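Trainee: The structure follows.
The values are calculated or read from the model by the stated rules, or taken from the named source; none is laboratory data. Because the structure is predicted, anything quoted here is derived from the model rather than measured. In this analysis, Cβ positions are derived from the backbone assuming ideal geometry, glycine residues included, and neighbour counts consider all displayed protein chains.
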Ligand code: B12
């Protein structure tokens, strides 16, 4: 049986033909071409015909082109409903366009309108909890004539009021934080994925692709989530691992971890999901490279003109590949900035506090210090398999910032998706979870 | 919004958990929705919880003798965060040593707490006061 998988990225359109015999998945061929921004289906057609002239038995495709799935999140408390909203947006394959705590101000609404998210996710309030600011936020959104889709996943006791405000032009789902400190994002994530299919696919120029390939698209990150999930379930020794997908427009970090809180540690905030995904829209190798260098360590001593010039060049040509030694050096610098900052934002931190009992540790977010395995993927990372890139992104561990220790992986074994297959294998992770998981791990170098 | 909700916790770095569990049990039995934050709760966590839940009252316990320092400023922070009319109840061994309860009460009322309770308070009395204060009766 032959499986065709295609992933339309912001920069490259990639495809692979897999064979599937007796529950074993293998690679037949793989190819990539620059994404045809004007007309996505052109590139898809080209890739498809390069990979096979026959009709494959199954076809799946994913896309993160045209900004992926952009979501603005409105919540109440920063560390509670707003954080729950962010987790739900990330898990649904989205990218955060803006976040708004404590309801929504008019200037917040203007920011949303200027940044054109596909979806606004409104959260806030436990069931039977806060109402006023959420209702006001909903009213502000309604009055703004926001053209995208609004998803409501806050206090369930005011669902009817919210529906009325939007004259039913709102997708209402279960509260993602029904009681204090709980996170139940699955329903909301499912709904967002459905909205992606019904409302957004056409606008992103994916309708034509759907026709050519005869199947629905998923956002690329959803494929990756499915793959990470399958690997966690089916591969021995891969219950606690992470992956960094460094792309042209975003840097995505995935981790699967069931954490036991060590005694003597006080945990604050929401419990973390088993599989966590974070996305950084200001960290990327090409489309977002201008924002990426704004995250550089600000050291007045260093001369940054080299990297600034390089960013100018690649911003004009997203598919430019570094050739010379200097260009390669610049790309490595960009990659290090992305890895460092995305990892820091994905992981939690521990703060030591002095009490009558002596010193205690207060932890917020996820602890990945002991993470054993880290997979690096994405166009750049796959191409260069530079095994020191992670450790060189974090010189001098443990890392302590403002007297808080950052809980990033300290010395993980590094694996490279050097054939750049993970998003493509991920497209089949729902159909063949066990085979996809086995093949994904086998395909790594490390 | 349901006012018959309580945000409960032991403030500061206090880890006396027995009284906290009794309060949780007692008020749950009385039909309140209790959001128990447990021990070692910061002022910010009390306020975050009250904001999301829309609870009518925050019940603060302090047993280990640092109550005065830990409880100071909670009212101001509530106002700053838009919780203008939330009730603040506080109880336990609020100060070190044998200060007469009257002067302890005066001190905490001045800090902006609505009701102050000694460790030997009858919880039925607390419940009656709460019904009155939340205008549930
Ligand atoms: C058990 C205990 C401990 C245990 C706690 C175990 C645990 N997981 O809870 C351990 C050994 C860990 C401990 C440690 C300490 N303890 Co101790 N501990 C006690 C003890 C003996 C009993 C507490 C108890 O459980 N009481 C039973 C419960 C049901 O009563 P309660 O806690 O008072 O709560 C009731 C009321 O106060 C009231 N209430 C409480 N809060 C509120 C709030 C509202 C709004 C309302 C309406 C009512 C209300 O209702 C509750 C239910 O009925 C008391 C002495 C005593 N007899 O009270 C000392 C005591 C509280 N501890 C004390 C001290 C000093 C300490 C330590 C600082 C000792 C040290 N130097 O290490 C540490 C502090 C640790 C910390 N960071 O918190 C002092 C506090 C002195 C003060 N406030 O002036 C006490 C009073 C002993 C004493 N006489 O010196 N302790």
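Trainee: Only one of (1) without any contact (Cβ under 8 Å) to a residue 60 or more places away in the chain; (2) assigned to a helix (DSSP H, G or I); (3) surrounded by fewer than 21 Cβ atoms within 10 Å (Cβ to Cβ) fails for residue A:162. Which number is that?
Mentor: Evaluating residue A:162 over (1) without any contact (Cβ under 8 Å) to a residue 60 or more places away in the chain; (2) assigned to a helix (DSSP H, G or I); (3) surrounded by fewer than 21 Cβ atoms within 10 Å (Cβ to Cβ) leaves (3) as the failure.
Trainee: Working only within the stretch B:1-47, note down all residues that are away from the ligand (no atom under 13 Å from the Cβ) and in contact (Cβ under 8 Å) with a residue 40 or more places away in the chain.
Mentor: Residues satisfying the conditions are B:1, B:2, B:3, B:4, B:5.
Trainee: What single numbered condition from (1) more than 14 Å from chain B (Cβ to nearest Cβ); (2) surrounded by 18 or more Cβ atoms within 10 Å (Cβ to Cβ); (3) touching a helix residue (DSSP H, G or I) at 6+ places or on another chain (Cβ under 9 Å) fails to hold for residue A:239?
Mentor: Against the list (1) more than 14 Å from chain B (Cβ to nearest Cβ); (2) surrounded by 18 or more Cβ atoms within 10 Å (Cβ to Cβ); (3) touching a helix residue (DSSP H, G or I) at 6+ places or on another chain (Cβ under 9 Å), residue A:239 comes up short only on (2).
Trainee: Follow-up. Would the stretch A:112-132 turn up any residue that is part of a helix (DSSP H, G or I), in contact (Cβ under 8 Å) with a residue 24 or more places away in the chain, within 20 Å of residue A:160 (Cα to Cα) and more than 14 Å from chain B (Cβ to nearest Cβ)?
Mentor: no
Trainee: Between A:376, A:381, A:397, which is in contact with a helix residue (DSSP H, G or I) (Cβ under 9 Å, 6 or more places away or on another chain) and part of a loop (DSSP other than H, G, I, E, B)?
Mentor: Working: A:376 fails: part of a loop (DSSP other than H, G, I, E, B); A:381 fails: part of a loop (DSSP other than H, G, I, E, B).
Just a single option satisfies the conditions, and that option is A:397.
Trainee: May I ask you to verify whether residue A:151 is without any contact (Cβ under 8 Å) to a residue 60 or more places away in the chain and in a strand (DSSP E or B)?
Mentor: Here the answer is yes, as residue A:151 does meet what is asked.
Trainee: Based on what the data block shows, is residue A:103 farther than 18 Å from residue A:270 by Cα, within 14 Å of another protein chain (Cβ to nearest Cβ) and modelled with pLDDT under 95?
Mentor: yes
Conditions tested, residue by residue: (1) under 22 Å from residue A:68 (Cα atoms); (2) modelled with pLDDT of 95 or more.
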{"site": "A:161", "(1), (2)": "no, yes"}
{"site": "A:172", "(1), (2)": "no, yes"}
{"site": "A:180", "(1), (2)": "no, no"}
{"site": "A:190", "(1), (2)": "yes, no"}
{"site": "A:195", "(1), (2)": "yes, no"}
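Trainee: Residue check, residue A:85 against (1) more than 14 Å from every other protein chain (Cβ to nearest Cβ); (2) within 20 Å of the chain's Cα centre (by Cα), all met but one. Which one?
Mentor: Exception for residue A:85: condition (1).
Trainee: Would you confirm, using the coordinates I've provided, whether residue A:98 is touching a residue at least 60 places away in the same chain (Cβ under 8 Å) and either buried (at least 21 other Cβ atoms within 10 Å of the Cβ) or more than 14 Å from chain B (Cβ to nearest Cβ) (or both)? Full working, then the answer.
Mentor: Details: touching a residue at least 60 places away in the same chain (Cβ under 8 Å): no; either buried (at least 21 other Cβ atoms within 10 Å of the Cβ) or more than 14 Å from chain B (Cβ to nearest Cβ) (or both): yes.
Considered against the rule, which asks whether it is touching a residue at least 60 places away in the same chain (Cβ under 8 Å) and either buried (at least 21 other Cβ atoms within 10 Å of the Cβ) or more than 14 Å from chain B (Cβ to nearest Cβ) (or both), residue A:98 comes out as no.
Trainee: Then there is this: Output the number of residues of the stretch A:288-303 satisfying the condition of being outside any helix (DSSP H, G or I), under 18 Å from the mean Cα position of the chain (by Cα) and over 15 Å from residue A:245 (Cα atoms).
Mentor: Of the residues in that region, 0 qualify.
Trainee: Turning to a different aspect of this structure: Any residue in the stretch A:411-418 that is over 22 Å from the mean Cα position of the chain (by Cα), under 20 Å from residue A:367 (Cβ atoms) and not in a strand (DSSP E or B)?
Mentor: The answer is yes; a qualifying residue exists.
Trainee: So which residues in the stretch A:133-163 are within 12 Å of another protein chain (Cβ to nearest Cβ) and either touching a strand residue (DSSP E or B) at 6+ places or on another chain (Cβ under 7 Å) or farther than 24 Å from residue B:50 by Cα (or both), if there are any at all?
Mentor: Once the filter is applied, which keeps residues that are within 12 Å of another protein chain (Cβ to nearest Cβ) and either touching a strand residue (DSSP E or B) at 6+ places or on another chain (Cβ under 7 Å) or farther than 24 Å from residue B:50 by Cα (or both), the stretch A:133-163 yields A:134, A:154.
Trainee: Residues in the stretch B:79-101 that are within 14 Å of the ligand (Cβ to nearest atom) and more than 14 Å from chain A (Cβ to nearest Cβ): how many?
Mentor: 13
Trainee: Restricting to the stretch B:28-58, name every residue that is more than 23 Å from residue A:124 (Cβ to Cβ) and either buried (at least 23 other Cβ atoms within 10 Å of the Cβ) or in contact with a helix residue (DSSP H, G or I) (Cβ under 6 Å, 6 or more places away or on another chain) (or both).
Mentor: B:30
Trainee: Do the conditions hold for residue A:349, that is, is it more than 16 Å from the ligand (Cβ to nearest atom), touching a residue at least 24 places away in the same chain (Cβ under 8 Å), away from chain B (no Cβ under 14 Å) and farther than 22 Å from residue A:35 by Cα?
Mentor: yes
Trainee: Continuing with this model, one more query. Out of all the residues in the stretch A:29-59, which are in contact (Cβ under 8 Å) with a residue 24 or more places away in the chain and touching a helix residue (DSSP H, G or I) at 6+ places or on another chain (Cβ under 8 Å)?
Mentor: A:30, A:32, A:34, A:35, A:39, A:40, A:41, A:44, A:45, A:48, A:59
Trainee: Taking the options A:322, A:315, A:342, name whichever one is out of contact with any strand residue (DSSP E or B) (no Cβ under 7 Å at 6 or more places or on another chain) and surrounded by 16 or more Cβ atoms within 10 Å (Cβ to Cβ).
Mentor: Selected residue: A:322, the only one of A:322, A:315, A:342 that is out of contact with any strand residue (DSSP E or B) (no Cβ under 7 Å at 6 or more places or on another chain) and surrounded by 16 or more Cβ atoms within 10 Å (Cβ to Cβ).
Trainee: Just checking: which of the strands (runs of 3 or more DSSP E) contained wholly in the stretch A:218-271 hold 2 or more residues that are modelled with pLDDT of 90 or more?
Mentor: Numbers: elements: A:241-246, A:251-256, A:265-268.
Answer list for the stretch A:218-271: A:241-246, A:251-256.
Trainee: Hey, another quick one. Within the stretch B:79-116, track down each residue that is part of a helix (DSSP H, G or I) and surrounded by 20 or more Cβ atoms within 10 Å (Cβ to Cβ).
Mentor: Selection gives B:108 alone.
Let's see how each residue does on (1) under 21 Å from residue B:34 (Cβ atoms); (2) touching a residue at least 24 places away in the same chain (Cβ under 8 Å); (3) more than 14 Å from chain A (Cβ to nearest Cβ); (4) within 12 Å of the ligand (Cβ to nearest atom):
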| position | (1), (2), (3), (4) |
| --- | --- |
| B:107 | no, yes, yes, no |
| B:115 | yes, yes, yes, yes |
| B:119 | yes, yes, yes, yes |
| B:125 | yes, no, yes, yes |
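Trainee: Something else now. Looking only at the stretch A:358-373, count how many residues are in contact (Cβ under 8 Å) with a residue 12 or more places away in the chain and either on the phi > 0 side of the Ramachandran plot or assigned to a helix (DSSP H, G or I) (or both).
Mentor: Within the stretch A:358-373, residues that are in contact (Cβ under 8 Å) with a residue 12 or more places away in the chain and either on the phi > 0 side of the Ramachandran plot or assigned to a helix (DSSP H, G or I) (or both) number 1.
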